[in-house]
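*Asks:* Have a look at this one before I ask anything.
The values are calculated or read from the model by the stated rules, or taken from the named source; none is laboratory data. Just so you know, these numbers come straight off a predicted model, no measurement behind them. So basically every Cβ, Gly included, is an ideal-geometry build from the backbone, and we count neighbours across all protein chains shown.
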């Protein structure tokens, strides 16, 4: 069994909790995830199983889409609703915020921007997560870094308890913090801001509408096979039988211009894909990932031919305990959220996502 699994993570579960449950259902420890979601957040989490954990490296870098609620009128220590309140604006100050000011603030945070990650992010500083340093009492000041917010759309507004809540839709590059957008918008309007809800709705070509609820997870029904997964993320190179054999043995193969163009988008004269390409055998099996070197393709990694799809072990029916925000008891928790989930061929999750 190998492939990618789309999961709709509920509130109160960590990304590692989702990995732990999937390991049990799939009967393997080779399960990793791409793009951490905090317990507060819901929505799309992509898991890799067995050899397909190797594909997670390329999933992490895909663009994302979110729905979120930004609360204007207060700032918090974590830039979201789970932190302690740092400052609160007066009711009059919040009431004075005009639609034009909100639009201008959103516009300033759209496009290519320099964003300072939250101090409680999962970014490592000298080998230690930023959130762990903060919890140990250290002052953390992370440098700003370039991100792209391709869409920042205001969907609706509401007023409650002296706050102004903005429901928004955001499309952004990997590594963008939605709670940092909330923080920076509040700062620009001089009232403070933080995130009160977050839902990830898309990662690259994968949408949450095709994801399974975590409590109802059926690995066999939801698994996207290696070939389908890889060709949706990367370009595709169709091999001859001999080329498939040669690549499996680590040999370079000659690739003509027509094959390279077809791997781009099928249009005559299209540029060859840049970066890894999914190499597919005549029988539809994913042989591996390659990259073009002149008129040849060189193997970057091979996929085991024996990982054909098989049904996971049958699990006895069970009743899920009600969720109240606390994580499940599949793995003991001792403080910091365990975002080091990917193991055994899974890529590192250093690329911070959303409210990591």
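*Asks:* Hey, residue 23 hits all of (1) surrounded by fewer than 22 Cβ atoms within 10 Å (Cβ to Cβ); (2) farther than 18 Å from residue 185 by Cβ; (3) touching a residue at least 40 places away in the same chain (Cβ under 8 Å) but one; which does it fall short on?
*Replies:* Tallying (1) surrounded by fewer than 22 Cβ atoms within 10 Å (Cβ to Cβ); (2) farther than 18 Å from residue 185 by Cβ; (3) touching a residue at least 40 places away in the same chain (Cβ under 8 Å), residue 23 fails exactly one: (3).
*Asks:* So residue 120 ticks every box in (1) under 15 Å from residue 72 (Cβ atoms); (2) part of a loop (DSSP other than H, G, I, E, B); (3) under 20 Å from the mean Cα position of the chain (by Cα) but one. Which box is left unticked?
*Replies:* Of the numbered conditions (1) under 15 Å from residue 72 (Cβ atoms); (2) part of a loop (DSSP other than H, G, I, E, B); (3) under 20 Å from the mean Cα position of the chain (by Cα), the odd one out for residue 120 is (1).
*Asks:* Given the conditions (1) without any contact (Cβ under 8 Å) to a residue 60 or more places away in the chain; (2) more than 20 Å from the chain's Cα centre (by Cα), and given that residue 191 satisfies all but one, which numbered condition is not satisfied?
*Replies:* The one condition residue 191 does not meet is (1).
*Asks:* Just to be sure I understand, how many residues within the range 71-87 are at negative phi and in a loop (DSSP other than H, G, I, E, B)?
*Replies:* The total comes to 6.
*Asks:* While we're on this one: Can you pull out every residue in the range 251-295 that is closer than 24 Å to residue 225 by Cα, outside any strand (DSSP E or B) and at pLDDT 90 or above?
*Replies:* 276, 281, 282, 283, 284, 285
*Asks:* Checking the condition more than 30 Å from residue 301 (Cα to Cα) and either modelled with pLDDT of 95 or more or in the same structural domain as residue 150 (by TED's automatic domain parsing) (or both), which residue from 202, 179, 210 passes? Full working, then the answer.
*Replies:* Details: 202 fails: more than 30 Å from residue 301 (Cα to Cα); 210 fails: more than 30 Å from residue 301 (Cα to Cα).
Testing whether each residue is more than 30 Å from residue 301 (Cα to Cα) and either modelled with pLDDT of 95 or more or in the same structural domain as residue 150 (by TED's automatic domain parsing) (or both) leaves just 179.
*Asks:* Also: For the range 60-75, give me the residue count where each residue is modelled with pLDDT under 95 and either in contact with a strand residue (DSSP E or B) (Cβ under 8 Å, 6 or more places away or on another chain) or farther than 26 Å from residue 288 by Cα (or both).
*Replies:* 1
*Asks:* Also: Return the residues of the range 219-244 that are free of Cβ contacts under 8 Å to residues at least 60 places away in the same chain and more than 30 Å from residue 291 (Cα to Cα); say none if nothing qualifies.
*Replies:* 221
*Asks:* Let me ask something else. With the structure loaded, tell me whether residue 45 is modelled with pLDDT of 95 or more, in contact with a helix residue (DSSP H, G or I) (Cβ under 9 Å, 6 or more places away or on another chain) and outside the structural domain of residue 174 (by TED's automatic domain parsing) or whether it fails that test.
*Replies:* Yes; evaluated as a whole, the condition is true for this residue.
*Asks:* Is it true that residue 37 is outside any loop (DSSP other than H, G, I, E, B), surrounded by 24 or more Cβ atoms within 10 Å (Cβ to Cβ), under 15 Å from the mean Cα position of the chain (by Cα) and not assigned by TED's automatic domain parsing to the domain that holds residue 232?
*Replies:* No: the conditions fail for residue 37.
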